[in-house]
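The values are calculated or read from the model by the stated rules, or taken from the named source; none is laboratory data. Just so it is clear, the model here is predicted, and its values are computed rather than measured. Counting neighbours? That spans all protein chains shown, and the Cβs are built from the backbone with ideal geometry, glycine included. Only protein heavy atoms, including side chains, enter the accessible area calculation; ligands, DNA and RNA are left aside. Shrake-Rupley method; radii C 1.70, N 1.55, O 1.52, S 1.80 Å.
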Amino acid sequence: MEWNLIFFVNSVLLGVGLAMDAFSVSIANALSESGMRKRRMCFIAGVYAFFQFAMPMIGWICVHTIVEYFKGFEKFIPWIALLLLLYIGGKMIWEVIHGKEEDSADTAVKLTFSTLLIQGVATSIDALSVGFTIADYGLLMAFIASIIIAAVTFAICMAGLLIGKKAGDKLGSKATLVGGIILVGIGIEIFVKGVFF
């Protein structure tokens, strides 16, 4: 592969495709935390961007070292994403349904760091497969492609957080329920795409 416009366009398009799940999760997170500050939004988008950078690089390394083990692991990727997102989304739904009738600010589910990490893995685990797509790249090219994917993810997630924040203000206490349903839906979508297509 050569350093040309096609390389950069492909990297951006990969970033857009891979960031769609993180975009939806960003909307869900901002729905349940509509008072989120810009610094926190940058941190959340940065976590997703980091995982979208790391997963293709890990995939590339696996392809160049332990490819036979990686191929065996690949079939579990949709299952892992499904379980992680069902757990997080289901927990949000459960807390809204079984929570006390209080002020919407009190019932909003706070996004913890561990939950954010789980979401980062769940929304980027399919990017491990990108290691096969970029397998013919040298190390530097794979690194630059992953940086571009991360930058695109960051921008898309910031947009998702802004959209979710605005919608969360309008939905009030129902925003957390909507966010949980979105996460469950994303988990099912990743699973169906990974297993049946």
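Okay, residues lined up against (1) open to solvent by 10 Å² or more (accessible area, probe 1.4 Å); (2) at pLDDT below 95; (3) in contact with a Lys or Arg (Cβ under 7 Å, 6 or more places away or on another chain); (4) within 24 Å of Pro56 (Cα to Cα):
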| residue | (1), (2), (3), (4) |
| --- | --- |
| Ser104 | yes, yes, no, no |
| Val109 | yes, yes, no, no |
| Ala122 | no, yes, no, yes |
| Gly138 | yes, yes, no, yes |
| Val152 | yes, no, no, yes |
Listed by first then second residue, the pairs whose first member lies in the range 138-154 and is under 13 Å from Phe7 (Cα atoms), whose partner is surrounded by fewer than 16 Cβ atoms within 10 Å (Cβ to Cβ) and aromatic (Phe, Trp, Tyr), with beta carbons under 9 Å and at least 6 positions apart or on separate chains, are Met141/Trp3; Ile144/Trp3; Ile144/Phe8; Ala145/Phe8; Ile148/Phe8
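Residues are listed down the side, and each one gets a yes or a no for (1) over 24 Å from Val184 (Cβ atoms); (2) of a type in the set (S, T, N, Q):
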| position | (1), (2) |
| --- | --- |
| Phe8 | yes, no |
| Leu18 | no, no |
| Ala30 | no, no |
| Gln52 | no, yes |
| Met55 | no, no |
Could you grab me the full set of residues in the range 156-184 that are among the small types (Gly, Ala, Ser), surrounded by fewer than 16 Cβ atoms within 10 Å (Cβ to Cβ) and at pLDDT 90 or above?
Ala159
Candidates Pro56, Pro78 - the one that is crowded, with 16+ Cβ neighbours inside 10 Å, modelled with pLDDT of 90 or more, part of a helix (DSSP H, G or I) and not aliphatic (A, V, I, L, M):
Pro56
Inside the range 20-41, can you point out the residues that are without any contact (Cβ under 8 Å) to a residue 60 or more places away in the chain and either in contact with a helix residue (DSSP H, G or I) (Cβ under 6 Å, 6 or more places away or on another chain) or in a helix (DSSP H, G or I) (or both)?
Lys38, Arg39, Arg40
Candidate set from the range 127-136 (those that are open to solvent by 50 Å² or more (accessible area, probe 1.4 Å) and assigned to a helix (DSSP H, G or I)); member that is farthest from Leu13 (Cα to Cα):
Phe132
